[in-house]
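To start, the structure under review is shown below, and the notes come after it.
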Amino acid sequence: MAVKSSPMTYYSSYSVIKKHLPGNLLLIGEGANTMDIGRTVFTHDQPRRKLDAGTFGTMGIGLPALISARTCSPN
């Protein structure tokens with residue numbers, strides 16, 4: 001994750017993003033590689049803090065998951 005190359009990789013870009021994320025976070029992952037690699041980088045220490053498409057990496061679940069998460073946890 002510390003390799004600084006051009007263009008950025010998933011890991012190098014995720015390391016930058018991870019530094020700026022708050023601790024109490026609900027993360028929604030979408031898309032095949034983006035979601036799969038995100039699982040290894042963006043860890044969580046509380047249950048029900050990560051939503052994604054599961055095994056098949058289905059595209060298009062991001063927006064409905066965001067709406068559901070916001071509805072269930074408005075803060």
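Selection within region 15-36: residues that are more than 9 Å from the chain's Cα centre (by Cα) and aliphatic (A, V, I, L, M). The member of this set that is farthest from Ile67 (Cα to Cα) is Val16. The listed residues are Gly23, Gly31, Gly38, and the only one of them that is free of Cβ contacts under 8 Å to residues at least 24 places away in the same chain and of a type outside the set (D, E, K, R) turns out to be Gly23.
Residues of region 45-67 that are in a helix (DSSP H, G or I) and surrounded by 14 or more Cβ atoms within 10 Å (Cβ to Cβ): Gly62, Ala65, Leu66.
Every condition in (1) more than 30 Å from Ser5 (Cβ to Cβ); (2) in a loop (DSSP other than H, G, I, E, B); (3) at pLDDT 85 or above is met by Pro74 except one, and the failing one is (3). Among residues of region 42-56 that are touching a residue at least 40 places away in the same chain (Cβ under 8 Å), none has a Cβ under 9 angstrom from a residue that is of a type in the set (Val, Ile, Thr) and in a loop (DSSP other than H, G, I, E, B) at a sequence gap of 6+ or on a separate chain.
Table: residues versus (1) exposed (fewer than 10 other Cβ atoms within 10 Å of the Cβ); (2) in a loop (DSSP other than H, G, I, E, B).
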position	(1), (2)
Lys4	yes, yes
Tyr11	no, no
Gly23	yes, yes
Glu30	no, yes
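The values are calculated or read from the model by the stated rules, or taken from the named source; none is laboratory data. All figures in this text were calculated on a predicted structure; none of them were measured in a lab. Glycine gets a Cβ as well: all are built from the backbone with ideal geometry, and neighbour counts include every protein chain shown.
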